[in-house]
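Below is one structure; the comments refer to it alone.
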Amino acid sequence: MKKILGRPLLSLVCKWLDDTIPIEKIQRFLESKESEVAEDVAKVSLADVQEWAANLPGGKVVSKAGLQADTGTYLDALEREGRPEDQEFLLTSLESLLRHVEVRRKKCFPNLDPPSSPERLWLEKHDIAILFCRHACRTGDLRFLNAAFKLNDWAFKTHERRTPTKPCLARYRLALKEQERAVEELLD
Amino acid sequence: MRVAILAPIKSSLYSRLVTHLAASEPGIEVVCIVVRTVWSIRRFRSDLHREGNRLLRKAYTRLVLSDEAADWGSSELLHSMARELNVPGTSLTDLAADYNIPLVEVKDHNDKVSENVLRDSKPDVIAFTGGGLIRENILNIPTRGILNCHMGILPEYRGMDVVEWPVIENRDGDPMLGLSLHFMDAGVDTGPILRQERIELQPGDTSESIRARMVPFMVTLMLDGIRGLRDGSITPEPQSLEAGKQYYVMHPRMVKYSEQRLSSR
């Protein structure tokens, strides 16, 4: 009896707990009329990135104090440059971001360092998802696309419930577009 | 050589097989079995945080359908191995009574009760047969170390879902599938390696069928390791961490691609 009743009950609970956003829902979201995507490439100079990297507390992009502001944009710019002398810092930072997301899961990046508005925090989280997708495409490392799936799924639920600001929505759409581009490139 | 067993639940067939074989082995004394209680809110919360709804499926198969239907525990190969080896009883309690081994139930393998029992038992080796992460206070107890059989090839594939990851990463070539027996340390699957076993893909394989084929090897590798340490015929080799990566729980969308790649081979 418990086996007969157990199965449907389990699938109900699993459905309720499921974080995964179906691909059709993502497509609909991306194709909706008011779709506005953030600018593709943030204009950051190498000098800015180097100054930012030199001033990181303890050389870390994420710590107990929070996620360092501009991490996603700056690491993406640094990776685009492709200078061999930056590779060690880049890979260490990317691994620590990946580990943070995977270990803290929905509780990842609870705040920015220095503290900022909730909107800015969302923008930074979307930038990390964009960075992960692009890094996966550049290196073929699927672990980063895997983490981007999770970040985007968790954001979807929140954005569905609470309408985010326009810039935030535009950045999220960019994160989803980058995700789907990476899927096409690496998995399809 | 004194061996202690850490087990996830009393009915775990893998734990029972390892205990039975170790206890029947000359020159090896199983000094205690430390098994986690089925239910603990703290553990449930931390496992749910890590594994999401997969945990519920696991709990359902273990608690409602019993071990016989649990994903990889359901391996017919493992059950026939248990039948062939005449593993007594249906749980670790029966086995402990048969071999006169002290069995202690704990909320968590890292808690004070577990630590005290293990310290008092003075094991040379602890065979870890499942039950969460092991902390520093337990890692330091055995004189030789804690053995764990990881369902992946080390150092390349550390962490979670290491059956699915090699499949999705190797579109055309042979995925690096197999098992590694290693000593546990403070890192995730980073301790010295004692033995490895490669698993070849077979037509029609799914992740579940691969796992099912792996479980009997986990038992034999664990016993080979224990015997090797007893005889001094195994030298654990430290891992080169740069040679591998740590993998995390695979997103369901990625799992689908992994299954597709398996079915299209």
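Taking loop as defined by DSSP and a crowding limit of 14 other beta carbons within 10 Å, which GluC sites (Glu not before Pro) in segment A:36-109 fit?
A:Glu36, A:Glu39
Using a 10 Å cut-off on Cβ to Cβ distances, tally the other chain neighbours for every residue of A:93-101 and report the average as a whole number.
Whole-number average of other-chain Cβ neighbours for A:93-101 is 1.
Apply the Debye scattering formula to segment A:54-188, with a single equal point scatterer on each alpha-carbon and no solvent, then give log10 I(q)/I(0) at q = 0.10 Å⁻¹.
Debye output, listed in q order: -0.30.
How are the alpha carbon pair distances in the protein assembly as shown distributed across 10 Å bins from zero to the largest one, expressed in percent?
Over the protein assembly as shown, the share of Cα pairs per 10 Å bin runs 4, 18, 27, 24, 16, 8, 2, 0 percent.
What number comes out for accessible area per residue over the protein assembly as shown if the probe is 1.4 Å? Units Å², please.
48 Å²
Can you list residues whose amide H is under 5 Å from B:Gly145's amide H, if they're 5+ apart or on another chain and H is modeled 1.01 Å from N?
For B:Gly145, the qualifying residues are B:Ile126.
Percent relative contact order of segment A:2-187, based on C-alpha pairs within less than 8 angstrom and at least six residues apart?
28 percent
Using unit Cβ charges (K, R positive; D, E negative) and no other charged atoms, how large, in debye to the nearest 20, is the dipole of chain A about its Cα centre?
So the magnitude is around 1340 debye.
Over 27 Å between Cα atoms, which of A:Lys106/B:Lys256; A:Lys25/B:Lys245; A:Lys106/B:Lys245; A:Lys60/A:Lys150; A:Lys64/A:Lys177; A:Lys150/B:Lys112 qualify?
Those over the limit are A:Lys25/B:Lys245; A:Lys64/A:Lys177; A:Lys150/B:Lys112.
Averaging over all projection directions, find the projected area of the Cα convex hull of chain B and quote it in nm² with one decimal place.
Average of the hull's projected areas for chain B equals 13.5 nm².
Would you mind pulling out the separation of the Cα centroids of segment B:101-136 and segment A:77-115, in Å?
36 Å
Name the aspartates and glutamates eligible as straight-distance cross-link partners of A:Lys157: C-alpha to C-alpha under 13 Å, and not fewer than 8 places from it in the same chain.
A:Asp18, A:Asp19
Using θ = phi - 60° and the Karplus curve 6.51 cos²θ - 1.76 cosθ + 1.60, what whole-Hz ³J(HN,Hα) does each residue of segment A:114-123 get, with Gly and Pro shown as x?
Computed from phi, the couplings for segment A:114-123 are x, x, 8, 6, x, 5, 4, 4, 4, 4 Hz.
Based on the mean of other Cβ atoms within 10 Å per residue, sort peptides B:89-97, B:27-35 so the most packed one is first.
Most protected by this proxy first, the peptides run B:27-35, B:89-97.
The values are calculated or read from the model by the stated rules, or taken from the named source; none is laboratory data. Please read these numbers as outputs of a predicted model, since none were measured by experiment. Every residue, glycine as well, gets a Cβ built from its backbone with ideal geometry; the counts of neighbours run over all protein chains shown. Quick note on the areas: whole protein, heavy atoms, side chains included, nothing else; ligands and nucleic acids left out. Shrake-Rupley method; radii C 1.70, N 1.55, O 1.52, S 1.80 Å.
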